[in-house]
Amino acid sequence: MIIFPDGITNYMSGFLMDEWMIGNGFVSGEEAVRLMTKNKDMTNSNSLLLINKTVEDYEIFQPLPYHDKRMTISDCFDEFKKGSSIIPIREKGQIIGVIEKTNLLQALIQKGVKKSNSCTHALSKKYFLVDIQTPMLVLERLLQIKNAVLVAKMNEDKIDKLYCVTQNDLFNILEENLKEYL
């Protein structure tokens, strides 16, 4: 057996990013807030609002429905037509991947997948998943990289409730906050 050492250079855009570390569950809680706020002025009221609030503080967030491998490509189209931004596919209380519009289009065009095929043909493992206690300010930073962030409320080692936060959600929250100051 031969072992070849590999440098980190090729992985620097992914693995060394604070956002990647947080979105993949390697950093959470106060450490995530510290990383997201370093070298930033956090004195304005909107920043303070986001740093002290989580998904549970807003009524606009509803738990996502449970989808598994039985979901078809056609079902994915229906979900996106209803306004879904991302469709997490679960198995035994864990996410096995997500479907996003780009993955769905790629599966249809490049792989020749049919609408009756399982959604697993368009499954992506590239998504951000954070704990329910993650402050909205951290989610805002993650949303600069991804279109949607999944937020999980855990019960032991299984996902009890799963939420999706998008840039539109954050926009609506800040708009409501600005109404209070007018």
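Every number in this text was worked out from the coordinates using simple rules, so none of it is lab data. As the structure is a computational prediction, the values presented were derived from the model and not from experiment. With ideal geometry, Cβ positions are generated from the backbone for all residues, glycine too; neighbour counts draw on all protein chains shown.
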The range 58-182 - charge dipole about Cα centre, Lys and Arg +1 at Cβ, Asp and Glu -1, debye rounded to 20 | 740 debye
Go through Q167, L142, H67 and say which Cα lies farthest out towards the positive end of the charge dipole of the range 41-182; charges sit on Cβ, +1 for Lys and Arg, -1 for Asp and Glu.
-> H67
Taking 7 Å along the Cα-to-C-beta vector as the label spot, tell me the S74-I109 distance in nanometres, rounded to one decimal.
-> 2.4 nm
Give me the distance between the Cα centres of the range 78-147 and the range 54-70, rounded to whole Å.
-> 13 Å
Which FRET efficiency, nearest 0.05, do I51 and D160 yield, Cβ-Cβ r, R0 22 Å?
-> 0.30
Under 5 Å between amide H atoms, partner at least 5 residues away or on a different chain: which partners does V130 have, H built in plane at 1.01 Å?
-> L150, V151, A152
Filter the trypsin sites (Lys or Arg not before Pro) in the range 71-111 to those in DSSP coil with at most 12 other Cβ atoms within 10 Å of their Cβ, and list the result.
-> K82, K92, K111
